[in-house]
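First the structure, in the form of structure tokens, and then the observations on it.
Readers should treat all values here as calculations from the given coordinates under stated rules, not as data from a laboratory. Remember, it's a predicted structure, so these values are computed and weren't measured experimentally. Every residue, glycine as well, gets a Cβ built from its backbone with ideal geometry; the counts of neighbours run over all protein chains shown.
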Amino acid sequence: MKVQKTKIIDCYILEPIIHEDKRGYFFESYNQEKFESLTGLKPYFVQDNESLSSKGVLRGLHFQKEEHAQAKLIRVGDGEVLDVAVDIRPDSKTFGNVVSTILSSNNKKQMFIPRGCAHGFVTLSNTAKFFYKCDNFYNAASEGGIIYNDKTFNIDWMIPEENLIISEKDKSLPALKEAVPH
């Protein structure tokens, strides 16, 4: 596994070593010992989630608050997405930094997002199966979010805004300054 640091402290892009031959391929999608030795982090994952989205679906920017915050390890099993993390930890040296990367079934890359970051993605392919591990259980009362088009971040979602498919709930999320007092 190759690990690439990003502009957000403790946020990493992971690239597996793929073993291919005429039968197909094999790779480790996760190895706790390798992850710990390459990052110095020791997440303990307790929940796996999966979603299916069609082209243009934008989900985010979401986070869990306080003791319910979640670190996530994200990958795409089928299709392609633009995956986005935003550091919203008020005391972080990288507060407000944005990391975006394309995750796909072709490149098999993953993104590790630490606790205290907002997360979102948009589907770039016709459909995408999106998988992620969490190190804390979901808690509805601790749900938070930031509007996807907050001018603080100027995220290029790679799809024209008029073609985005966004839930009413996500369209009504607040800006960073209302969501995360700092």
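Looking at the stretch 152-179, which of its residues are assigned to a helix (DSSP H, G or I) and not hydrophobic (A, V, I, L, M, F, W, C)?
Applying the first criterion (assigned to a helix (DSSP H, G or I)) to the stretch 152-179 yields 161-163, 168-171, 176-179.
If the condition is that a residue be assigned to a helix (DSSP H, G or I) and not hydrophobic (A, V, I, L, M, F, W, C), then 161, 162, 163, 168, 169, 170, 171, 177, 178 are the ones that fit.
What do you reckon, is residue 25 among the hydroxyl-bearing types (Ser, Thr, Tyr) and surrounded by 14 or more Cβ atoms within 10 Å (Cβ to Cβ)? Steps first, please.
Values: among the hydroxyl-bearing types (Ser, Thr, Tyr): yes; surrounded by 14 or more Cβ atoms within 10 Å (Cβ to Cβ): no.
No: the conditions fail for residue 25.
For residues that are among the polar types (S, T, N, Q) and touching a residue at least 24 places away in the same chain (Cβ under 8 Å), scanning just the stretch 126-153, find the one that is surrounded by the most Cβ atoms within 10 Å (Cβ to Cβ).
Residues of the stretch 126-153 that are among the polar types (S, T, N, Q), as a first pass: 126-127, 136, 139, 142, 149, 152.
Filter once more, so that each one left must be touching a residue at least 24 places away in the same chain (Cβ under 8 Å): 126-127, 136, 139, 142, 152.
On the way: 126: 10, 127: 13, 136: 19, 139: 14, 142: 15, 152: 13.
Once the filter is applied, the top-ranked residue is 136.
List pairs: first in the stretch 1-14 and in contact (Cβ under 8 Å) with a residue 24 or more places away in the chain, second hydrophobic (A, V, I, L, M, F, W, C) and part of a loop (DSSP other than H, G, I, E, B), Cβ under 9 Å, 6+ apart or cross-chain?
Listed pairs, sorted by first residue: 1/17; 1/27; 10/41; 10/71; 12/41; 14/1.
Within the stretch 4-45, count every residue that is in contact with a strand residue (DSSP E or B) (Cβ under 7 Å, 6 or more places away or on another chain), among the basic types (Lys, Arg) and assigned to a loop (DSSP other than H, G, I, E, B).
Matching residues across the stretch 4-45 total 1.
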